[in-house]
Amino acid sequence: MLAVQVKRENVLVLAHLYFSTVALMIGAVFGFLQALSRAHWASAPVWFDYYRMLTAHGVLMAIVFTTFFICGLATLLTYRAIPRERALGLGWAAWWLMVLGTVAAAYTILNGNATVLYTFYAPLKAHPAFYIGTTALVIGTWLVALDIALNAAWFWRTHRGERLPLVVHGSLCTFVMWFIATIGVAIEMLFFLIPWSLGWTPTINVMMTRMLFWYFGHPLVYFWIMGAYLIWYNIVPLHYGGKVFSDSLTRLAFLLLLILSTPVGIHHEFLEPGIAAGWKWLHTMNTYGVVVPSIMTAFVIFASFEVSAQARGIKGFWSTIRSLPWSNPAFSGPALGMILFIFGGFGGIVNASYSMDAIVHNTMWIVGHFHITVGGPVALTFVGTAYWLIPRLTGRRLWAPKLALAQTYSWFVGMAIMSTAMHWAGILGSPRRTDDVTYVGTAAANAWMGEMHWAAIGGGILFLSIIMFALVAFGTLFTERDESQAIVFAAVDEHAAQTPAFMDRIGSWGLAAIVLALLAYAGPIHDLLSMHTFGAPGMRTW
Amino acid sequence: MHRAEKIWIGFGIGMLIVFLIIIGAAAVSENMIPPSHVQTIDPTKVAQTPPFDHPGLRQVGPKTYEAYIIAHIFAFDPPSITVPAGSRVTFYTTSPDVVHGFFIANTAVNMMVVPGWVSSATHVFRTPGSYLLLCNEYCGTGHHYMYGSVEVK
């Protein structure tokens, strides 16, 4: 009976993973064209403009690809760790709502009625279908969160005194954080953008929409990272025969991310008017808090490598690194991503430091930064893990594993080249989100155009890499059946210490997260509401 | 917890404390605080509101200037200002339409220009040359044509 149940669940997870893959493929085409266009190697087709492509690329890659993958992953982790007969109505309702929302928003963008980029800053005014579609996508993810919470609640009810499985703990923390963060963008949509785009309200409070957006915008990046961490902690050790080094550190890392992700958003608004310096400073201090779970994660991962190598009699740093399964794409993807993440972390510290941020804000540096974070560790972890997940979910052999392996390495090389060029162009002053950066041949522009060529070379490699991924992902649907591959999660090392009980109280931690978010935002929002501000009418400037 | 875990968490928290002390001390002793300017303006009446009804450069002291520049789709008004080397220029900018960026390449003058608000930043131009002023926030189809210059003689 349970075997049939598992098969039905697998279909739901596959639906998420393949929708995510399609978003990645379409987004990649636009990304490649942008890189060519910026380097002046080829211009976009006349029927299609740069900023429309850029909007589609941002929405499909940063929002759709990541969100669908994480929803599929967390659903899988929860269902497998809590095996039982369950109805999948809620899971499918979530998927359909997310798909319909995405299709509505994507259609509006491609039609040219929502060229507002993925940050949709008012008073640029898109067609209502764009705002309503993205809101539906977000509400769909809330249903996923509800599904995970209901399964956790069932577990607590029926397994009194037992600890929530590690993967469910991580998934639940991720989605509690996500729910708290997305309330910001939901308020922005429901109370500001949607009524305004429908013509019910004439003007909009621009700074309020920006603050609500960034209340959500920064935790969004931790949502991606928590998705990657779920894999790094619980799945990656399987590939080298390792274990989770510590149950307590793993749980604590997710709890810290849950409470520290939200009260930091104003560090995206350092250079904006209307926010007092003190609030910007407070959010800077909070931003550095995330150092702690990051350092812990780095430790647990390397400790797991080391313990596993020592069990096989391997000693020393380089011998340990060499002993890892670098020819398994499910390992090489996440592991190469971890290497890129080191540089992403360095860049993040620069961005969070307001005096340095003034030099790099809205330059290509920022684009380089998020490509080496979400496009590096997060995306590489997801595609690498897809090579492990898809065969197990479909019950088929992985098609062309060598191609899959080459895909992970080519992505690493392409991203390293493209991101380095973008970072450097940014230091030279090249703006982000700009079609043509030649500025009639001024000296400053000439200095950064060379980097645009390197970015296009890196972008070309990445494009080929995504084609390789798509071939393997879809090719695996047609290979011979092999039902012997099981989905299990890494066990906790038997020497790990006992986990304290306070780490099980996710509800209390969620409450603490809400209190911290309120403390961080009550002041600046009160300021905005108590000042005499002027609304701005909407505009279509494309 | 494992001894190594405790040491490592201690290291992480210690690093955090060092960061916070450095930023805190710099804020208190060197006044190194985030840039901020809180001033509102009616975005539909920018052209009638002083001082933006006469945008441009004003000298307010020896080698000290104030520059009032409107950022609108898809140009800066005025597109160019000229100051002598060594001038201290405080820029004030606002937008009558959508959000723009106000960025002078190779300086730390980098502001978001938000309709309804006035942004401000100060810079001392020591080296003569032509500085590229550009919009670094997407504002519409002609965004990449939105640029100007600061000429330092």
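All of the numbers you see were taken from the coordinates with simple rules; none came from a lab. Quick caveat: nothing in here was measured; it's all calculated off a predicted structure. Glycine also receives a Cβ, built like all others from the backbone with ideal geometry; neighbour counts cover every protein chain displayed.
Work out the length of the dipole vector of the protein assembly as shown about its Cα centre, built from +1 on the beta-carbon of each Lys and Arg and -1 on the beta-carbon of each Asp and Glu, and round it to the nearest 20 debye.
1140 debye
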Subject >> Partner lysines for B:LYS63 [C-alpha distance under 24 Å; skip if fewer than 8 residues away on the same chain] >> reply: B:LYS153
Subject >> Within the range A:145-203, trypsin sites (Lys or Arg not before Pro) in DSSP loop having at most 11 other beta-carbon neighbours inside 10 Å >> reply: A:ARG160
Subject >> Label-point gap, in nm, between A:LEU90 and A:ALA443 - each point 7 angstrom along Cα→Cβ >> reply: 6.4 nm
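May I ask you to derive the relative contact order of the range B:43-152, considering only C-alpha pairs under 8 Å and at least 6 residues apart, and to give it as an integer percent?
Numbers: 277 pairs, mean separation 29.5, N = 110.
Answer for the range B:43-152 is 27 percent.
Given Cβ point charges of +1 (Lys, Arg) and -1 (Asp, Glu) and nothing else, what value in debye, to the nearest 20, does the dipole of the range A:181-313 about its Cα centre take?
220 debye
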Original post:
Summing Lys, Arg as +1 and Asp, Glu as -1, what charge do residues with Cβ under 13 Å from the Cβ of A:TYR121 carry, A:TYR121 excluded?
Top reply: -2
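What number comes out for the charge environment of A:HIS40, summing +1 per Lys or Arg and -1 per Asp or Glu over other residues with Cβ under 15 Å away?
On the way: positive: A:ARG38; negative: A:ASP435, A:ASP436, A:GLU451.
Charge balance near A:HIS40 sits at -2.
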Original post:
Hey, what number do you get for chain A at 222 nm if only DSSP H runs of n ≥ 4 count, each worth -39500 (n - 2.57), divided across all residues, to the nearest 500?
Top reply: -23000 deg cm²/dmol
Original post:
Near A:LYS125, which lysines are there with a Cα under 29 Å away, not counting those fewer than 8 places off in the same chain?
Top reply: A:LYS280, B:LYS45
**OP:** Using only the Cα atoms of the range A:2-526, build the gyration tensor, take square roots of its eigenvalues as a ≥ b ≥ c, and label the shape rounded, prolate or oblate: rounded if a/c is under 1.5, else prolate if a/b is larger than b/c, else oblate.
**Re:** rounded
**OP:** Looking at the protein assembly as shown, send over the antiparallel percent of its DSSP beta bridges, to the nearest 5.
**Re:** 70 percent
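For the pair A:PHE502 and B:ALA75, what calculated FRET efficiency results from E = 1/(1 + (r/R0)^6), where r is the Cβ-Cβ distance and R0 = 51 Å, to the nearest 0.05? Display every interim value, and only then the final one.
On the way: r = 59 Å, r/R0 = 1.15.
E between B:ALA75 and A:PHE502, to the nearest 0.05, is 0.30.
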**OP:** For an R0 of 41 angstrom, estimate the FRET efficiency from the Cβ-Cβ distance between B:ALA47 and A:SER355 and round to the nearest 0.05.
**Re:** 0.75
Original post:
Comparing B:THR141, B:THR93, B:THR49, which has the greatest mean-square fluctuation in the GNM of chain B with Cα pairs linked when under 10 Å apart?
Top reply: B:THR141
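Would you please classify the overall shape of the range B:43-152 from the alpha carbon gyration tensor, given that a ≥ b ≥ c denote the square roots of the eigenvalues, rounded means a/c under 1.5, and beyond that prolate means a/b larger than b/c while oblate covers the rest? Mind showing how you got there, number by number?
Values: a/c = 2.06, a/b = 1.34, b/c = 1.54.
Verdict is oblate for the range B:43-152.
From Cα pairs below 8 angstrom and at least 6 apart in sequence, can you work out the relative contact order of chain A, rounded to a whole percent?
On the way: 827 pairs, mean separation 104.0, N = 542.
Computed over chain A, the figure is 19 percent.
Calculate, for B:HIS2 and A:GLN485, the FRET efficiency according to 1/(1 + (r/R0)^6) with r their C-beta to C-beta distance and R0 30 Å; round to the nearest 0.05. Walk me through the numbers before you get to the answer.
Working: r = 33 Å, r/R0 = 1.10.
Between B:HIS2 and A:GLN485 the formula returns 0.35.
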Original post:
What nm value, rounded to one decimal, do you get for the distance between A:TRP318 and B:ALA25 when each label is placed 7 Å out toward the C-beta?
Top reply: 3.9 nm
Subject >> Summed residue charge, Cβ within 12 Å of A:ILE109's Cβ, Lys/Arg positive, Asp/Glu negative >> reply: 0
